[in-house]
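The values are calculated or read from the model by the stated rules, or taken from the named source; none is laboratory data. All values derive from a computational prediction rather than experimental measurement. Here the Cβ positions follow ideal geometry from the backbone for every residue, glycine too, while neighbour counts run over all protein chains shown.
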Amino acid sequence: MSERIQQQIQIRLKAFDDVFHNVIITLERLERFLLAEELYEGLDITAVRSERDFHDDEKNPPTIKLLYGETQLQCSALFYQTKFDDEELFHKTVSYFLKDLLMWYGGRKENIPYDDVDRFFIPVVSALDRQVHDVRQVMQTVHKYVRDIENDISQFSEEEKEKSVHEGFGAWLRAQDIVEKHYAAFMEKGDDVVFTVHQRGTVEEGLQRLYNAFIEIYTEKTPLLFLESTRKKYLWDIHFDPVVHLSNQIFKNRKA
């Protein structure tokens with residue numbers, strides 16, 4: 001492999017890592033707003049307030065509507081990063097980030113209520129694994145399995161819309177300047193990409209969390225089938241039997 005091609009691959013992987021990190025940032029910000037203070041205090045923070053988190057919530061306190069819109073936007077951005085010509089590289093990359101995502105969800109212990117942060121797993125993985133064909137379908141997945149983001153935005157007052165545009169553009173300008181310097185420094189060093197780790201639990205704990213959540217919050221079986229097909233495709237090396245887990249969960253609920 002030529003040095004030029006190797007460099008291009010490193011740039012792609014670096015961009016992938018940055019966008020995925022932004023997804024975790026938005027999930028942690030949404031998580032903060034949905035949880036009671038005493039529950040949030042016990043959670044590990046892996047992305048918020050990192051050097052790549054460009055939000056200034058003291059100057060521009062976010063609203064819950066804006067946080068939902070931001071999370072959907074990052075799912076769309078992730079979709080654009082996942083097109084690889086090399087199928088083997090694509091599979092290895094998706095597998096790595098899926099495990100990282102599940103380790104993040106593994107930190108959401110039993111005392112954390114099931115909420116839209118759990119629901120967002122489906123749009124994130126749909127974009128990550130390119131189970132959708134365009135951004136419109138990413139938005140449809142959010143609409144179907146999380147909530148109607150577009151309807152939330154349409155209900156903004158004119159003042160809220162103006163504030164959203166102003167803050168979004170300002171954040172984009174700040175981010176562009178920082179990202180350009182960040183990439184310039186990365187290219188100058190010539191190092192291989194080191195993926196960011198967002199571990200708060202184990203892959204198995206993340207799977208347990210999501211199986212339990214999807215049983216509780218959805219009345220249809222599609223989310224569980226989605227989770228199971230994803231597990232079989234990318235996590236064949238992880239020792240987790242959903243049948244045993246669900247049987248244990250049913251027994252536990254009966255005892256309670």
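Every residue, every condition in (1) more than 15 Å from Leu128 (Cβ to Cβ); (2) of a type in the set (A, V, I, L, M), yes or no:
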| site | (1), (2) |
| --- | --- |
| Lys14 | yes, no |
| Phe20 | no, no |
| Val23 | no, yes |
| Arg29 | yes, no |
| Leu34 | yes, yes |
| Asp44 | yes, no |
| Thr63 | yes, no |
| Gln74 | no, no |
| Asp86 | yes, no |
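Considering (1) surrounded by fewer than 14 Cβ atoms within 10 Å (Cβ to Cβ); (2) under 19 Å from the mean Cα position of the chain (by Cα); (3) not in a loop (DSSP other than H, G, I, E, B), the lone condition that Leu89 does not fulfil carries the number (2). Remark: pairs (first residue in the range 50-74, at negative phi; second residue of a type in the set (Phe, Trp, Tyr); Cβ separation under 8 Å; 6+ apart in sequence or on different chains) = Pro62/Phe33; Ile64/Phe33; Lys65/Phe156; Leu67/Phe33; Thr71/Phe120. With respect to being surrounded by 16 or more Cβ atoms within 10 Å (Cβ to Cβ), at pLDDT 95 or above and part of a helix (DSSP H, G or I), Gly201 falls outside the description. The set of residues from the range 222-239 being in a loop (DSSP other than H, G, I, E, B) and surrounded by 12 or more Cβ atoms within 10 Å (Cβ to Cβ) comprises Leu235, Ile238.
Report yes if some residue within the range 179-193 is in contact with a Lys or Arg (Cβ under 8 Å, 6 or more places away or on another chain), farther than 24 Å from Arg32 by Cβ, modelled with pLDDT under 85 and assigned to a loop (DSSP other than H, G, I, E, B); otherwise report no. Scanning the range 179-193, I find at least one residue that is in contact with a Lys or Arg (Cβ under 8 Å, 6 or more places away or on another chain), farther than 24 Å from Arg32 by Cβ, modelled with pLDDT under 85 and assigned to a loop (DSSP other than H, G, I, E, B), so the answer is yes. Taking the listed residues Gln7, Gln72, the one that is surrounded by 19 or more Cβ atoms within 10 Å (Cβ to Cβ), part of a helix (DSSP H, G or I) and among the polar types (S, T, N, Q) is Gln72, with no other qualifying.
Residue-by-condition table, conditions (1) small (Gly, Ala, Ser); (2) touching an Asp or Glu at 6+ places or on another chain (Cβ under 6 Å); (3) modelled with pLDDT of 95 or more:
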position	(1), (2), (3)
Phe84	no, no, no
His91	no, no, no
Lys109	no, no, no
Phe121	no, no, yes
Val125	no, no, yes
Arg130	no, no, no
Gln140	no, no, no
Val146	no, yes, yes
Asp152	no, no, no
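Of all the residues in the range 191-237, those that are β-branched (Val, Ile, Thr) and without any contact (Cβ under 8 Å) to a residue 40 or more places away in the chain number 4.
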